[in-house]
Amino acid sequence: MEDIILLKQGEIVLKGLNRKSFEMKLVSNINRRLKPFGKFRVYSVQSAIYVEPQSDDCDMDGAYEAVKTIFGIVAISRAAACEKDKDALLETAKRYLGDALSRAGSFKVETKRADKSFPMTSIQLSQYVGGLLADAYPHVRVDVHNPDFTVHLEVRDYAAYVHGPSEQGAGGLPVGTNGRVVSLLSGGIDSPVSTYMIARRGVSVIPVHFFSFPYTSELAKEKVVTLSRLLTKYCGRLRLKVVPFTHIQEEIREKCPEELFTVIMRRFMMRISAKVAEYNGCKAIVTGENLGQVASQTLEAMAVTEACAGLPVLRPVIGLDKREIVETAVKIGTFDTSILPYEDCCTVFTPRHPRTKPRLDDVVAAESALDVDALVNEAFENIDRIDIEM
Ligand code: ATP
Ligand code: MG
């Protein structure tokens, strides 16, 4: 019998009545994610999920790496299947874990028995296999309290399994179980991290990028496409919306006070994002804002910015230190792309002395020089969609 991948579900198990639909979502996310690696059977039993290859050419290493980025899974291990027999379990443990076991200082055996018709109790089976493993590896001590290495045995309905220590999964909740948001994706470090963080709570994401061609180049857009692609391994397939932003920025520059440029521009981002949200059933807008990082990220500026959003603005990285954001960006693999030096629409038009504590009525007064609705509609109607496959 072949090896399988064994996954442990996370918080889903706390969801009571919704549990079945959470599980189904997770299983379908896993199925979609594993397509490139061959044909697998994925099913859940209690809070475990089994991933069984259905043919010899399945890429088990690829599949194992892929499941590490699927939200809703807390632990991952590879397991070897064998007959439901105490000696088959012993031999499989030797073959499959012998190397790791002989390198350990101490070990124990732990058994889970779902099949209650199996003739030994969990404790009897652990003692039997543990005793004979201790004989086979006499230099490795048995330590049931604090072992270096644990041999896991599982006796299930159709087969038994042997596995070693598990690795941590991606955590969070399955994407698609907690609604949908618009996430503002610049080419910077912060917004890929905030997008990742909201997706981790089970939220589907529609990334939106404001593009200021020719002030920012095609390369800047390509960078956002690359970032989106990197995020698909967490978020699933994405449909990136690229909003033409140049005309709006030129109008603001021409007609509004320079020190309010940034906050007015950000209010346009909110209005357009809210419209995208409305058309796509999204319940919130997500940004990578971080308190105190730049002039537009003061409490006052954020209040003025979100006053025209009309739906909640979520800022997953608001309270992190830059160092923590960078660490996450490195961990999720977006950092190297984020630091490529293409300019962002905000840097091109940055005022020399931005107002750090803008007042809403000043901003509203300044905006009266613009035909806000027409500008919003024009941008919205010319949005470009880019489908990002995994
Ligand atoms: P980031 O590192 O994500 O670019 P930042 O620290 O540079 O963030 P700002 O440039 O003030 O901060 O932008 C704050 C947030 O506004 C970003 O995290 C992002 O969510 C959104 N944003 C900024 N520029 C754009 C853009 N061109 N397209 C889409 N969203 C943007
Ligand atoms: Mg930025």
Out of the residues in region 77-90 that are under 19 Å from Val142 (Cβ atoms) and out of contact with any Asp or Glu (no Cβ under 9 Å at 6 or more places or on another chain), state the one that is surrounded by the fewest Cβ atoms within 10 Å (Cβ to Cβ).
-> Lys86
Filter region 349-390 down to residues that are of a type in the set (A, V, I, L, M), under 19 Å from Met270 (Cβ atoms), open to solvent by 20 Å² or more (accessible area, probe 1.4 Å) and touching a Lys or Arg at 6+ places or on another chain (Cβ under 7 Å), then give me how many there are.
-> 2
Residue by residue through region 65-76, note down the ones that are surrounded by fewer than 18 Cβ atoms within 10 Å (Cβ to Cβ) and outside any loop (DSSP other than H, G, I, E, B).
-> Glu65, Ala75
Does Ala114 satisfy being exposed (fewer than 14 other Cβ atoms within 10 Å of the Cβ), under 12 Å from Leu153 (Cα atoms) and within 34 Å of the chain's Cα centre (by Cα)?
-> yes
Residues that are away from ligand 2 (no atom under 14 Å from the Cβ), in contact with a strand residue (DSSP E or B) (Cβ under 8 Å, 6 or more places away or on another chain) and open to solvent by less than 30 Å² (accessible area, probe 1.4 Å), drawn from region 184-206 = Ile198, Ala199, Gly202, Val203, Val205, Ile206
Would you please name the residue that is nearest to ligand 1 (Cβ to nearest atom), looking only at residues in region 217-232 that are modelled with pLDDT under 95 and of a type in the set (A, V, I, L, M, F, W, C)?
-> Ala220
Scan region 335-343 and give yes if some residue there is within 16 Å of ligand 2 (Cβ to nearest atom), aromatic (Phe, Trp, Tyr), surrounded by 13 or more Cβ atoms within 10 Å (Cβ to Cβ) and part of a helix (DSSP H, G or I), otherwise no.
-> yes
Read through the list (1) within 19 Å of Phe71 (Cβ to Cβ); (2) modelled with pLDDT under 95; (3) out of contact with any Gly (no Cβ under 7 Å at 6 or more places or on another chain); (4) not aromatic (Phe, Trp, Tyr), then give the number of the only condition that Ser183 fails.
-> (2)
The residue that is farthest from Ala284 (Cα to Cα), considering only those in region 184-216 that are part of a strand (DSSP E or B) and either more than 16 Å from ligand 1 (Cβ to nearest atom) or not assigned by TED's automatic domain parsing to the domain that holds Met265 (or both), is Arg201
Scan the helices (runs of 4 or more DSSP H) fully inside region 217-325 and keep the ones with 3 or more residues being within 16 Å of ligand 2 (Cβ to nearest atom), assigned by TED's automatic domain parsing to the domain that holds Val364 and buried (at least 22 other Cβ atoms within 10 Å of the Cβ).
-> 218-235, 261-280
Picking from Gly292, Gly333, Gly310, the residue that is in contact (Cβ under 8 Å) with a residue 60 or more places away in the chain, on the phi > 0 side of the Ramachandran plot and more than 10 Å from ligand 1 (Cβ to nearest atom) would be Gly333
Any residue at all in region 97-104 that is open to solvent by 20 Å² or more (accessible area, probe 1.4 Å) and outside any helix (DSSP H, G or I)?
-> no
Any chance region 43-52 includes a residue that's more than 19 Å from Pro174 (Cα to Cα), among the small types (Gly, Ala, Ser) and assigned to a loop (DSSP other than H, G, I, E, B)?
-> no
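The values are calculated or read from the model by the stated rules, or taken from the named source; none is laboratory data. A quick note: this is a predicted structure, and the numbers were derived from the prediction, not measured. Glycine also receives a Cβ, built like all others from the backbone with ideal geometry; neighbour counts cover every protein chain displayed. These accessible areas exclude ligands, DNA and RNA; they are computed on the full protein's heavy atoms, side chains included. Shrake-Rupley method; radii C 1.70, N 1.55, O 1.52, S 1.80 Å.
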